[in-house]
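Each remark here refers to the structure printed beneath this line.
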Amino acid sequence: MYNPHDTICAISTPPGESALAVVRLTGADSKSTIEKHIKGNSLKDRQAALCDIIDLDNKVIDEVVVIWYKEPRSYTAEDLVEIICHGGHVISEQILTLLCISGARLAEPGEFTVRAFLNGRLDLTEAEAVNSVIKARSSKSKQYALHNLEGKLKHRLDKISARLIELITVLEAEIDFDDDEVTKLDLAAKQGKIDEISALLSRLISTYDIGRIAEGRAQVAIVGAPNVGKSSIFNRILQTNRAIVTDVPGTTRDYLSEYVNIGGYPVILTDTAGIRKSDQEIEQIGVERSRELVDSSDLCLYVIDASRKIDDRDVVIAEILYNKPFITLINKIDLIDDPSANIGMPLNFDQIVQTSATTGKGIDNLLTTIQRELLKDVNETGDGVLLSQRQLNCSVKAAEQINQAGKANSGAESEEIVVGILREALEQIGQITGKVTSDDILNKIFSEFCIGK
Ligand SMILES: Nc1nc2c(ncn2[C@@H]2O[C@H](COP(=O)(O)OP(=O)(O)OP(=O)(O)O)[C@@H](O)[C@H]2O)c(=O)[nH]1
Ligand SMILES: [Mg+2]
């Protein structure tokens, strides 16, 4: 685990050529460490100081701007120094080496944010949100991550914890005091309080869908018989020629995935091999993988060729899609005179979009329909949402425990038992916010961060 007393340093900007780079330093000795190596203006709290940075032979490495943030008013709540130097491969590395020679140590990934967490500046939901903001792939994902960074998820969890603590306190008073010393709640009143907490947790858990979609983990797969235009649709949506398109059925053998921005949400769009019976082993593998993908996708685009009658190849896929969320695309409408002609749909589908991958007709409508279908069970909200699997797991466990507490209460179990279960639920919430945590959890969370953040 990280030693929280070291002074640590890192380059916070990406490597490569750039106008500027930022080297960061945090810890009790950061100011004295940098002061050994600068000439020029002296450092004043939160003010930019133009200085020369000098190497051990007294040679100027670069002209830099240094900002010192006096603790506790800094990102880490410790003394923190930012050195803004010229970009490129050399200068920032030289500065880093100099800082290490003077006693600082290279920071681990996310270690600046670890400090902010350990020093109480951020709770764990806010710290995780920092990473989500950096990694956001769209305006929506950034928006939800920022809400959490502002403490909206923390606030939501604090409210649930407060309710739990209130109930635990009442029950403990009933355990500790006699009937004439405290007014006891009857079973129904206790159940009412447990149900309220349960409802808050259910609402919280339902936010994971939007968090997952906002974070770019929603999957949309394009499926259909060979040659119906799946890869052409994929390319149209991506506005590139990413997938190979030919008039030979079976062109796509493996599947291809790309991120695409749909209504501000980053969605993983996948082009699949046309599903059909085949003796060729390689295509069979592609077909199997397409089946698996249908199972793991949030939504499928079922492509049908408008220029021919539906046949067995389309029906096989309709069977795979049965009971799964999908939109039917009648593609190649540019080839037919009457778009309302009956081509013999295999099922009575309600979501149908007519497209031409060749002319682009219907693609805007398709994008709107995808967005509507993906978000139909989701309430867009200005509140904090669950953004990680970890947060979801803890919330689900807490909800299960509340459920158990409800059963114990209605089964007239002793207050001790109900309190014990409620305390476990409280601990799960504490794990989300980081009130209760272990080094393993912290290592796992912060190892996914960039160095210098
Ligand atoms: N006229 C017309 N031709 C299309 C349309 N969409 C695709 N095509 C043509 O249909 C043929 C097959 O297109 P692909 O996009 O490769 O079809 P696919 O479904 O990916 O095919 P496989 O990967 O072999 O399963 C190509 O010649 C495309 O140019 C369309 O909307 N209109
Ligand atoms: Mg293809």
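Nothing in this text is a laboratory measurement; each read-out follows from the coordinates by a stated rule. Remember, it's a predicted structure, so these values are computed and weren't measured experimentally. All Cβ positions, glycine included, derive from the backbone under ideal geometry; neighbour counts span all protein chains shown.
Quote to one decimal, in nm, the extra length available between residue 312 and residue 259 on full extension: 0.36 nm per residue of separation minus the C-alpha distance between them.
On the way: separation 53, 0.36 × 53 = 19.08 nm, distance 3.17 nm.
Residue separation times 0.36 nm, minus the Cα-Cα distance, leaves 15.9 nm.
So, R0 is 25 Å and r is the distance between the beta-carbons of residue 361 and residue 247; what FRET efficiency does that work out to, to 0.05?
On the way: r = 20 Å, r/R0 = 0.80.
Plugging the Cβ-Cβ distance into 1/(1 + (r/R0)^6) gives 0.80.
Cα to Cα, under 15 Å, and not fewer than 8 places away if on the same chain: which aspartates and glutamates meet these conditions relative to residue 154?
123, 126, 128, 383, 427
What nm value, rounded to one decimal, do you get for the distance between residue 239 and residue 447 when each label is placed 7 Å out toward the C-beta?
My value for the distance between the label points is 3.9 nm.
Near the amide H of residue 86, under 5 Å away, which other amide H atoms are found, from residues 5 or more places off or on another chain, if H is placed in the peptide plane?
Amide H to amide H, under 5 Å and 5 or more residues apart or across chains, residue 86 pairs with 21.
Mean Kyte-Doolittle of at least -0.5 plus a Cα span of 20 Å or more along the axis: flag which DSSP H helices in the chain meet both, please. If you can, show how the numbers build up before the last one.
On the way: long enough: 152-176 (36 Å, 0.08); 187-214 (41 Å, 0.32); 281-296 (23 Å, -0.67); 389-410 (31 Å, -0.91); 415-433 (27 Å, 0.46).
Correct list, ordered by number: 152-176, 187-214, 415-433.
Where the only charges are on Cβ atoms (+1 Lys, Arg; -1 Asp, Glu), what is the dipole of the chain about its Cα centre, to the nearest 20 debye?
Numbers: 50 positive and 69 negative charges, 281 e Å.
So the magnitude is around 1360 debye.
Go ahead and estimate [θ] at 222 nm for the chain from helices alone: -39,500 (n - 2.57) per DSSP H run with n ≥ 4, summed, over the residue count, rounded to 500.
It comes out at -14000 deg cm²/dmol, rounded to the nearest 500.
List the extent of the Cα atoms of the chain along each of their three principal axes, largest first, rounded to whole Å.
Taking max minus min along each principal axis of the Cα atoms, the chain gives 81, 78, 37 Å.
Starting from the Cα of residue 50, step 7 Å toward the Cβ, then list every residue of the stretch 62-100 with an amide N under 16 Å from that point.
So the set is 62-67, 84-86.
Taking the Cα centre of the stretch 404-453 as the origin and placing charges on Cβ (Lys, Arg +1; Asp, Glu -1), which of 419, 447, 436 is farthest toward the positive end of the dipole?
Checking the options against the dipole of the stretch 404-453, the answer is 447.
Quickly rank 433-439, 96-102 as a protection proxy: mean count of other C-beta atoms within 10 Å, highest first. Before the final figure, lay out the partial values.
On the way: 433-439: 14.9, 96-102: 17.9.
So the peptides 433-439, 96-102, ranked by packing, come out 96-102, 433-439.
If you put +1 on each Lys and Arg Cβ and -1 on each Asp and Glu Cβ, how big is the dipole of the stretch 26-163 around its Cα centre, in Debye rounded to 20? Write out the running numbers ahead of the final one.
Values: 20 positive and 20 negative charges, 185 e Å.
The dipole of the stretch 26-163 has a size of about 880 debye.
Using a simple spin-label model with points 7 Å from Cα along the Cα→Cβ vector, what separation in nm is obtained for residue 94 and residue 134?
Distance between label points: 2.6 nm.
Need the list of aspartates and glutamates near residue 36 for cross-linking: C-alpha distance under 13 angstrom, and skip anything on the same chain fewer than eight residues off.
Those aspartates and glutamates meeting the cut-off are 52, 55, 57.
Quantify how much of the Cα-Cα distance distribution of the stretch 327-453 extends past 20 Å, in percent. All intermediate terms of the calculation are to be shown ahead of the outcome.
Numbers: 5471 of 8001 pairs.
Of all Cα-Cα pairs in the stretch 327-453, 68 percent lie more than 20 Å apart.
What does the extension gain come out to for residue 155 and residue 268, with contour length at 0.36 nm per residue minus their alpha carbon separation? Walk me through the numbers on the way to the answer.
Numbers: separation 113, 0.36 × 113 = 40.68 nm, distance 3.09 nm.
Contour length minus Cα-Cα distance gives 37.6 nm.
Please give the peptides 379-385, 302-308 ranked by average Cβ packing (other Cβ atoms within 10 Å per residue), highest first, as a rough proxy for protection. Can you show the working numbers first?
Numbers: 379-385: 16.4, 302-308: 22.3.
The peptides rank, most packed first, as 302-308, 379-385.
Could you bin all the Cα-Cα distances of the stretch 8-123 into 5 Å bins starting at 0 and give me the percent of pairs in each, rounded to whole numbers?
Once binned at 5 Å, the Cα pair distances of the stretch 8-123 give 2, 13, 24, 25, 21, 11, 4, 1, 0.
Among the lysines in the stretch 296-453, how many pairs, 8 or more places apart or on different chains, have alpha carbons under 20 Å apart? Walk me through the numbers on the way to the answer.
Working: 309/332; 324/376; 332/361; 397/407; 397/435; 397/444; 435/444; 444/453.
Pairs that pass both the separation and distance tests number 8.
Using amide H atoms built in the peptide plane, which far-off residues or other-chain residues are under 5 Å from residue 224 H to H?
Residues meeting the amide H criterion: 275, 303.
Run the simple label-point estimate for residue 162 and residue 105 please: 7 Å along Cα→C-beta, distance reported in nm.
The answer from the label model is 4.0 nm.
Using r as the Cβ-Cβ distance of residue 292 and residue 437, and R0 as 30 Å, what FRET efficiency do you calculate, to the nearest 0.05?
Working: r = 36 Å, r/R0 = 1.19.
Rounded to the nearest 0.05, the efficiency is 0.25.
Just want the answer: with Cβ charges of +1 for Lys and Arg and -1 for Asp and Glu, which residue in 25, 100, 15 is farthest toward the dipole's positive end in the stretch 8-123?
25
Put +1 on the Cβ of every Lys and Arg and -1 on every Asp and Glu Cβ in the chain; which of 157, 403, 171 then has its Cα farthest towards the positive end of the dipole?
Comparing the listed Cα positions along the dipole, 157 ranks first.
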